[in-house]
Amino acid sequence: MKTRVFFLIIVFSITAMNLNSQKLPRLGKDQVSKVVAAMTLDEKASLVVGTGMRFPGMNPGSADTGQKDAVPGAAGSTFAIPRLGIPSIIVADGPAGLRISPDREGDDKKYYCTAFPIASLLASSWDRDLVGRVGEAMGNEVLEYGVDVILGPGMNIQRNPLGGRNFEYFSEDPFITGEMAASIIKGIQSNGVGTSPKHFAANNAETNRNALNTIVSERALREIYLKGFSMAVTGAQPWTIMSSYNLINDVYAPENTDLLTNILRGDWGFKGLVITDWFGGNDPVAMMKAGNDLLMPGVPNQKQAILQAVQDGNLSVDVLDRNVSRILNLILQSPHFRGYKYSNETDLKDHAEVARVAGSDGMVLLKNTSYALPLTDVRKVALFGNSSYNLISGGTGSGDVNEAYTVSLAEGMRNAGYTVSENLQKLYGDYMELARIGRPAPKGIMALMGAEPIEELHMGKDVIKGVAATSEAAIITIGRISGEGRDRTNRTGDFRLTDDEQQLIKDVCEVYKPKGKKVIVVLNVGGVIETASWKEQPDAILLAWQAGQEAGNSIADIISGKINPSGKLAVTFPVNYEDVPSAKTFPGTELPERKPGNDSPLNSFMRVKPSLVYYEDGIYVGYRYYETFDVKPSYEFGYGLSYTGFEYSAPKLSSTKFSRSLNVSVEVKNIGKAAGREIVQLYLSAPAKKLDKPAEELKGFAKTRLLQPGESQTVSFTLDAKSLSSFDPAASAWVAEAGNYEVRIGASSRNIMEKATFSLAKDVTVQKVSKSLVPKDKIKELKPGK
């Protein structure tokens, strides 16, 4: 009898458990709202806080039930709740390719990813289709390595050439930023994985980035710093957006309801998830209220603060449920939820070829005297400069990639059939090996900053003369590296060349050029450097940027003439740093008083200090400033040479009176002797009655197909009402002013080939938006004529 009773109890318990299990809603089978209702408060608080971050030398703590270790080196993961069918999903860096660890414990196999060209180079290609193909390749690696969301692309404006992470960002111009970002987002997400465009918003400096209060006008925010993000959101629907570290007009970005709710979701209709930058923000409860749904990488005290706030009535459960719902909707899209069986295999060879093509497509030929390039009549070359043998593929920090190799310029030139001076290569190899002694590679969090560069080899003229006797041309590579956590400086060895670099260029030119031998300078840089003081000396200058792991082959493809350079600058190169409109205020002023701030381990390490910066340049960033205030740059926005020439026809307008839209077409003809591609740029000059306006603004661009000599192609542009509009803070609206507009078709912001005009009969309010992000005090901004 006892045995029977015990058996019945067991059966009843199992039946009750099954019935209870059947009653529990499951993500994907039941409505999200039902799943949220079934969650405990502790589960909700756990879901909105990431599961922690493991980094050598830093242990900020970790929550439970994540699977970040499933992909070593991934940046973070979300909390799993198996009883409700909620898996953990994984996020990983970064802007130039997937950043995960190539090594796994107990596994001899290497898990390398492709280092693609940096964003500055991709933007210099002005090639939407190519950037989309880069995104497709990048997204495939994200999918096959078991990651759900990649933390990129970087979208901040290159406001100042010394920005430490400019290499991660596309341009000084919001239009090309938005176009390039939308292309790469669509490419990545075509694989069924997500993106996280960053850093939203106005994160234009690294110095004290977690405590930098950016004071900026409504108009400058809308027209410059938010415009690209709005284009990416409406044009590509990214799964997530990453909020930035800095404060905007006195409020931390992740705690800013104006930014994350009123603008992002209200004005732009964003339906996705907002996540913090790693350890971003200060008050987790304020972040929840503002609409920053997921706190990454997550630390235990954030969860405790959220639980306490709900219990104290300082945080509504409805707000928490809203944030939880957004996370669940993201999980529903993810490969992990869909049960995708990732292979840990990807076609690295094919992706390397994509990187190689993209690299050459975005390189910019800055100078080419007397057709010095391509080197078709030369086989023996001498490569000067450390970076000729130790090429820099990309920047440091979360924008870095763990690739299998980087092709040096020496390798690339040999692959292209050139003979490289072995004696000179040995001289540099011995020098750099000796210089590395006593310079151990940085470990732990210091690895984010990268190793200190080795000073350029000081070389006398006698050595150069000896090398010149056995070579037919000289190539000098100037290298620069920058990255996360610190900005660059206006010092020699950074923005300016060192004395040794200047002397090297001078000596090589003085030895080679009198013998009729060409001298080419290759710039292997992640950001703008000073060129005006030395650019007259060499025969040719190639801006190679940091072109990823195939950089050496990409450069050789240009130098040999296999590829005709077609890149153009998406950022201005000033004559002097002092010419930059933000030079006087960048990166900000440290405040004497200590204010409450984010006390994360990362901030303690970086010794963050409360700082303040006023964006007194207003809307006059980059070429908008140089063209409006007639300040001559060293190389203007949109500039780039080719091995051939192009002729433009007069533009044809669909009407001389604007109604709802207007079409502009122009024919481009290759009038040179080599096949090539041209980037046609459309700038618009608008009437300035109520609002001051830049002299011109980029409103369209098109890259032709490869045109054979004598071949033509017609390219077309469409201008809509928003193309004509500027942001009017008084009306909280985008307004197109009545008057005459001038269409300027050109090969750069200064090289305008053709013009045409049309008129707008009356003012048009294009879009009313929320009154948001208003600074407390009026900012003294640049105005034309002052």
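The values are calculated or read from the model by the stated rules, or taken from the named source; none is laboratory data. What you see is a predicted model; the values in this text were computed from it and never measured. Quick reminder, even Gly has a Cβ in these numbers, built from the backbone with ideal geometry, and neighbours come from all protein chains shown. These accessible areas exclude ligands, DNA and RNA; they are computed on the full protein's heavy atoms, side chains included. Shrake-Rupley method; radii C 1.70, N 1.55, O 1.52, S 1.80 Å.
Brief remarks on what is shown
- Segment Thr369-Asp129, length gained on full extension (0.36 nm per residue, minus Cα span): 83.3 nm
- Estimated inter-spin distance, Asp103 and Glu433, nm [label 7 Å along Cα→Cβ]: 2.3
- Per-residue SASA remark: Asp507, around 10 Å² accessible (1.4 Å probe; ligands, DNA and RNA not included).
- Trypsin sites (Lys or Arg not before Pro) restricted to DSSP loop in segment 690-734 with at most 14 other C-beta within 10 Å: Lys690, Arg705
- Cβ-derived FRET efficiency at R0 45 Å, Ser190 paired with Lys426, nearest 0.05: 0.45
- Label zone at Ala469, where the point sits 7 Å out along the Cα-to-Cβ direction: segment 386-426 residues whose backbone N lies under 19 Å: 420-426
- Accessible area (Å², 1.4 Å probe, nearest 10) - Tyr252: 20
- Accessible area (Å², 1.4 Å probe, nearest 10) - Asp400: 50
- Against the chain, whose longest principal axis is taken from its Cα atoms, helix 2-23 shows a tilt of about 40°.
- Listed residues Lys783, Lys517 arranged by accessible area, highest first, probe 1.4 Å: Lys783, Lys517
- With Cα atoms defining each centre, segment 707-736 and segment 615-634 are spaced 20 Å apart in the structure.
- Highest to lowest packing among 172-179, 428-435, 91-98, scored as the average C-beta count within 10 Å: 91-98, 172-179, 428-435
- Virtual paramagnetic centre 7 Å along Cα→Cβ of Lys461, amide N under 13 Å, in segment 509-543: 509-514
- Segment 287-348: C-alpha gyration tensor shape, a/c 1.5 cut-off, then a/b vs b/c: prolate
- Local net charge near Tyr620, Cβ-Cβ under 10 Å (Lys/Arg +1, Asp/Glu -1): -3
- Most to least packed among 195-207, 756-768 [average Cβ atoms within 10 Å]: 195-207, 756-768
- Ranked by solvent-accessible area (1.4 Å probe, protein heavy atoms only, all chains present), the residues Ser748, Ser712 order from largest to smallest as Ser712, Ser748.
- Tilt relative to the chain, helix 499-512 - C-alpha long axis, 0 to 90 degrees, to 10: 40
- Cleavage-rule hits (chymotrypsin sites (Phe, Trp or Tyr not before Pro)) in segment 357-409: DSSP loop, at most 16 neighbouring Cβ within 10 angstrom: Tyr405
- Hits among aspartates and glutamates - C-alpha to C-alpha of Lys771 under 15 Å, sequence gap 8 or more where chains match: Glu218, Glu223, Asp258, Asp267, Asp728
- When you filter the trypsin sites (Lys or Arg not before Pro) in segment 320-364 for DSSP loop state and at most 15 other Cβ atoms inside 10 Å of their Cβ, you are left with Lys341.
- Considering only the chain, percent of DSSP beta bridges that pair antiparallel, nearest 5: 60
- Helix 422-436 vs. the chain, principal-axis angle (Cα, 0 to 90°, nearest 10): 40
- Potential extension, Ser316-Asp377 segment - 0.36 nm per residue separation minus Cα distance: 14.6 nm
- Taking a straight line from the alpha carbon of Lys109, these lysines sit under 25 Å away, with near neighbours fewer than eight places off in the same chain left out: Lys68, Lys341, Lys349, Lys443.
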